[in-house]
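Engineer: Let me give you the structure first, and then I'll get to my questions.
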Amino acid sequence: MTTSARDGRAGIDASLVKRLISAQFPHWSQLPVTPVEFDGWDNRTYRLGSDMTVRLPTAAGYVAGVAKENEWLPRLAPHLPLPIPQVLGAGVPGEGYPHPWSIRNWLPGSTLEFQDLADPVEFATDLAAFLRALQNCDTTGGPLAGAHSFYRGTSPAYYDAETRDCLADLEGRIDVGRATEVWEAAVKSAWHGAPVWFHGDIATGNLLVQNGRLSAVIDFGTSGVGDPACDLVITWVTLTGAAREAFRAAVAQDAGTWARARGWGLWKAMLQLSGRSHTHPDQAPEIERVINAILDDHDLHS
């Protein structure tokens, strides 16, 4: 997608961002505003000068993440082994834009391309260490999983009806029998530990790499306190071979958590393959690969 095609999505463009900055943060009004190459779906992100970004929700459903990140990112950051975004300014609705928004620091690095990693096993263990540190952060007063996290951190059973519809849609295209077994194992499992912090969207677009190594983790809009199983889906989406096994060992989760993680991954992949999500047809082979990786992965010991 070209810059011109991206600019203006959800009524947000560089001109609007410039007006918001001028009205609410006039001391930064002379800095250039430019779209970033990969700006996600839930929020639009623009670079402000060389050292900052502006992040604006694209719809009301994503607004809860703004205040959540403003409050919790500063509290979590000192306890994590990798940089996360630092909130530098909290914007309010204005200039025809109806939602709160924020200004953050620019974190160097590029979004993850697995083939560009210097050492995939090192990356996997670094990511596992980050997730373990996040899970060990104090949860006192933290946002319990729910609508603000799109129910990540709860049981995948929240999406049971949608998943059953996808299973019916995909009959003859995937192994629905095995997929049903994986899904039913996921919804029968439960998180029995104390709620812990989870990120909610550990995906390539939210992992920054610099000099071949994991350098930062961004976009905590779906984060919260609950079951960390949703943070393990990268196991099948991105990791392969020795890196997958290293991540599994280092993240150290029990068999039930892995069963729910498989359910989370299967739900999302089937949603995409059935055309019920924002997916292009040319992505189908990769989504089918992910589904088969989930279905074929029986080594789920703790």
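The values are calculated or read from the model by the stated rules, or taken from the named source; none is laboratory data. All figures in this text were calculated on a predicted structure; none of them were measured in a lab. As a convention, Cβ positions derive from the backbone with ideal geometry for all residues, glycine included, and neighbour counts pool all protein chains shown.
Engineer: What are the residues in region 136-163 that are under 26 Å from Asp297 (Cβ atoms), touching a residue at least 12 places away in the same chain (Cβ under 8 Å) and not aromatic (Phe, Trp, Tyr), if any?
Structural biologist: Ala145, Ser149, Arg152, Gly153, Thr154, Ser155, Pro156, Ala157, Asp160, Glu162, Thr163, listed by residue number.
Engineer: Among the residues of region 132-152, which ones are part of a loop (DSSP other than H, G, I, E, B) and crowded, with 19+ Cβ neighbours inside 10 Å?
Structural biologist: Gly142, Pro143, Ala145, Phe150, Tyr151, Arg152, listed by residue number.
Engineer: Can you name every residue in region 83-111 that is surrounded by 18 or more Cβ atoms within 10 Å (Cβ to Cβ) and modelled with pLDDT under 95?
Structural biologist: none
Engineer: Taking region 32-48 as the search range and keeping residues that are in a loop (DSSP other than H, G, I, E, B) and either under 18 Å from Ala90 (Cβ atoms) or charged (D, E, K, R) (or both), which one is nearest to the chain's Cα centre (by Cα)?
Structural biologist: For region 32-48, the residue satisfying everything is Asp42.
Engineer: Moving to a separate point now. Out of curiosity, is Trp197 outside the structural domain of Lys68 (by TED's automatic domain parsing), closer than 30 Å to Ile103 by Cα and touching a helix residue (DSSP H, G or I) at 6+ places or on another chain (Cβ under 8 Å)?
Structural biologist: Against the criterion (outside the structural domain of Lys68 (by TED's automatic domain parsing), closer than 30 Å to Ile103 by Cα and touching a helix residue (DSSP H, G or I) at 6+ places or on another chain (Cβ under 8 Å)), Trp197 qualifies.
Engineer: Looking only at region 194-216, count every residue that is outside any strand (DSSP E or B), more than 13 Å from the chain's Cα centre (by Cα) and under 24 Å from Ala147 (Cα atoms) and tell me the total.
Structural biologist: 2
Engineer: Any idea which of Leu80, Leu117 is outside the structural domain of Gly11 (by TED's automatic domain parsing) and either surrounded by 14 or more Cβ atoms within 10 Å (Cβ to Cβ) or over 17 Å from the mean Cα position of the chain (by Cα) (or both)?
Structural biologist: Leu117
Engineer: Here's a follow-up. Considering only region 247-271, state which residues are farther than 19 Å from Ala157 by Cβ, crowded, with 20+ Cβ neighbours inside 10 Å and not aromatic (Phe, Trp, Tyr).
Structural biologist: Arg248, Val251 - these are the residues of region 247-271 that are farther than 19 Å from Ala157 by Cβ, crowded, with 20+ Cβ neighbours inside 10 Å and not aromatic (Phe, Trp, Tyr).
Engineer: I need the full set of residues from region 76-123 which are in contact (Cβ under 8 Å) with a residue 60 or more places away in the chain and assigned to a helix (DSSP H, G or I), in order please.
Structural biologist: If the condition is that a residue be in contact (Cβ under 8 Å) with a residue 60 or more places away in the chain and assigned to a helix (DSSP H, G or I), then Leu76, Phe114, Asp116, Pro120, Val121, Glu122, Phe123 are the ones that fit.
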